[in-house]
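The values are calculated or read from the model by the stated rules, or taken from the named source; none is laboratory data. The model shown is predicted, which means the values in this text are computed figures rather than measured ones. Every residue, glycine among them, receives a Cβ derived from its backbone with ideal geometry; neighbour counts consider all protein chains shown. With ligands, DNA and RNA removed, areas are computed over all heavy atoms of the protein, side chains included. Shrake-Rupley method; radii C 1.70, N 1.55, O 1.52, S 1.80 Å.
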Amino acid sequence: MKQLVIETKQLSKTYEGVVPVHAVNEVDLEIENNEFTAIVGPSGSGKTTLLNMIGGLDRPTSGGVKVNGHELSGMNENELIDFRLKHIGFVFQSYNLIPVLTAKENTEFIMLLQKIDKKIRDERVEKLLHEVGLGEKMNSRPAQLSGGQQQRVAVARALASKPDFVLADEPTANLDSHSTANLLDIMARLNQEEGITFVFSTHDQRVIDRARRVITLVDGKIESDERR
Amino acid sequence: MVILKIAWRNIWRNKVRSLVVITAIALGLWAGTFASGFYEGMIDQKIEDVINNEYAHFQVHDSLFREELLLMKNIKGHQAIVDALAADDSVKAFTSRTIISGMFASSRKTGALRLLGIDPTSEAAVTGLDQRLIDGAYFEGIKRNPILISKKTAETYGLDLRNKVVVTAQDAEGEIVAASFRVVGIFSSNNGMFDGMNAYVLATDVQRMLSLSDDHYHEIAVMLKENGLAESYAEKYAKRFPEQEVLPWLDLAMGMRYMVEASGTFSFVIVAIILFALLFSIVNTMLMAVMERTREIGMLKAVGLSRGRVFAMIMIETLLLSMVGAPIGMFATYLMIQRTGEVGIDLGEIGETYSDLGFSAVVYPSLDLQTYFSIGIMVLFMALIAALYPALKAVRLNASEAIRKI
């Protein structure tokens, strides 16, 4: 059953300066569950800013964001942090794992913050790391993993808390083609088999080719919205 | 627990930097705590000397004797006081002294000296004077007018055992009288100043020389069974014999009350200064750690680590860093104080200057457990202050901006 997960209304972000920059300009957007959406556009088109506002990391200058019916603009910072913890999974361009924790501990980290029972944690971490193909690397620290492997741990971490959706900001930007293909396979499978909603910002054609919906941003406005 | 785990592991991400800070804390605390122990040892020994060698726990005088030092300002009703002391279970020993100031002449030199006329047995029981003898005998072997002089006086006046000295003083009528004394023994204490100013003779000899009655005493020194009773017992006897001045050692020894009261403060001031310097080192290290991990902290906030937990993580890191260094420094100090407390630290030539100021030339450092504990609390407090700014800096990081930092 289709359900609206993300909804933006007249969402705008303006960076004040000598010349104000309208990074995102009156964007209306609806994303449903189980979508595999790529937000594309040239550098400076507002992809990351849009994703940050959807993820509650940035506040809009005007307009609003609703996630599963919750209006983010009314939340204070602590409420936003708590909301992100419970509802949103993040995958960043530079992996951003915690270097002093192993792959298992990194994946488990958010569940620990959520105070999930140890038994459930252990089962879920093992399942997720096997799903991303890192069952054998559970006790390796990020420095012992390749870029592609680190990004797969980041995906496992993003999914560990069973979020409403995963936001991935240029997840393949630092990966070679083999790692990119591998990561995309994993995410596509998780989307199709487990119904996980993914929203990417990217300008990587390989990601765009695999997306089932492509939203193109130019100068902070949606130029096109193509469903495949 | 996960925050504690991350904090602990974060410390060891940059081992060299953390070890430098840990070493600085350990060395700083070692130096500060040992300096405190050294000073405490000096003060403890001074107190011990003041009580055991000079003043005992409290003394009784005529109310004007100490001010005017006149021969006729002797203790009135001496026997009643002596009887009361003899019947007091808390009194370990007491001794009466007849004190005169006079001119002291040897074949080499003439100078002023104070003669303490004593009863050798009770004096030994109170001050252990017999134990401080380094040459000769304790009022034995010379029947007429034996005198016990210090090593310092012997050197100053060119005297040796059995040498004769002449003491000139005023008698009760104000007439100048003189008597010759013969050196029976030479003593030495830790207090060079005291040694240079005092000599011991028999009270009966002084009384005979100056035509005084046999109960003409200027001072009663009382040793109690417990150090802690000194002030309350001095007060008790002052009330009982109001015409006399009864003072505890803290008020008799010049500057001692101030010295004792200030000694605790002094120790903490030394440690506080060192900790204050270390504080900047820790703040610097933790700020570097936060700045280096801007992106990581941004990520942690993005994925749901609350501001409180980010704050706690940096605070715990700082505390752990301090708490690793502090016990090392304090344990090193403990071992050093234990060792030097047994064998002592001989200050050599500097020690002679200290001795002239009334301090022992050999210092036995000591520090009580309470002080170690208090220093531990100070380190904890310092670490919390040091952590505050870096932790607030981390809390204030904007997650979306921090993640983009290269």
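Among the residues of B:304-315, the average count of other protein chain beta-carbon atoms within 10 Å of the residue beta-carbon is 3. Over all other residues within a Cβ to Cβ distance under 14 Å of B:TYR39, the charged ones net out to -3, with Lys and Arg as +1 and Asp and Glu as -1. Comparing Cα centroids, region B:317-333 and region B:98-169 end up 54 angstrom apart. Extension gain for A:SER146-A:ALA173 works out to 8.3 nm (0.36 nm per residue, less the C-alpha to C-alpha distance). Distance between the modelled labels on B:GLN338 and B:THR265, one decimal in nanometres: 3.3 nm (7 Å Cα→Cβ projection). For region A:1-105, the list of GluC sites (Glu not before Pro) that fall in a loop by DSSP and count at most 10 other C-beta atoms within 10 angstrom reads A:GLU16.
Neighbouring Cβ atoms from other chains, within 10 Å of the Cβ of residues in B:287-299, number 2 on average. Shape class for chain A: prolate, because the ratio a/c of the largest to smallest gyration tensor axis (alpha-carbon atoms, square roots of eigenvalues) is 1.5 or more and a/b beats b/c.
Of all aspartates and glutamates in the structure, those lying under 13 Å Cα to Cα from A:LYS119, and not within fewer than 8 positions of it along the same chain, are A:GLU108. With the simple model of a label 7 Å out from the Cα in the direction of the Cβ, B:GLU140 to B:LEU287 spans 7.3 nm. Taking amide H as placed 1.01 Å from N in the peptide plane, B:ASN163 has its amide H under 5 Å from the amide H of B:VAL183, each at least 5 places away in sequence or on another chain. For region A:49-61, backbone phi angles converted through the Karplus equation (6.51, -1.76, 1.60; θ = phi - 60°) give residue-by-residue couplings of 4, 4, 4, 4, 6, 5, x, x, 8, 10, 9, x, 6 Hz, Gly and Pro being listed as x.
For region A:206-218, backbone phi angles converted through the Karplus equation (6.51, -1.76, 1.60; θ = phi - 60°) give residue-by-residue couplings of 5, 6, 4, 4, 8, 6, 9, 9, 10, 9, 9, 9, 9 Hz, Gly and Pro being listed as x.
Peptide A:95-101 is shielded by partner chain Cβ atoms: per residue, an average of 6 of them sit within 10 Å of its Cβ.
Ranked by the mean number of other Cβ atoms within 10 Å of their residues, highest first, the peptides B:264-270, B:5-11 fall in the order B:5-11, B:264-270.
In this structure the amide hydrogen of A:ILE39, modeled in the peptide plane, comes within under 5 Å of the amide hydrogens of A:PHE200, A:SER201, A:THR202, A:ILE215, none closer than 5 places in sequence on its chain.
Which percent of the accessible area of the protein assembly as shown is formed by carbon and sulfur heavy atoms (probe 1.4 angstrom)?
Result for the protein assembly as shown: 55 percent of the exposed heavy-atom area is carbon or sulfur.
In the structure shown, the pairs B:LYS73/B:LYS151; A:LYS9/A:LYS66; A:LYS9/B:LYS301; A:LYS86/A:LYS162; A:LYS115/B:LYS393; A:LYS104/A:LYS162 are assessed against 20 Å; a Cα-Cα span above that value is assigned to B:LYS73/B:LYS151; A:LYS9/B:LYS301; A:LYS115/B:LYS393. Modelled spin labels at A:GLU77 and B:GLN131, positioned 7 Å past Cα toward Cβ, are 6.7 nm from each other.
Taking the longest Cα principal axis of chain B as reference, the axis of helix B:15-49 is set at about 20 degrees.
For A:VAL24, the amide hydrogen comes within under 5 Å of the amide hydrogens of A:LYS13, counting only partners 5 or more places away or on other chains and with H modelled in the peptide plane.
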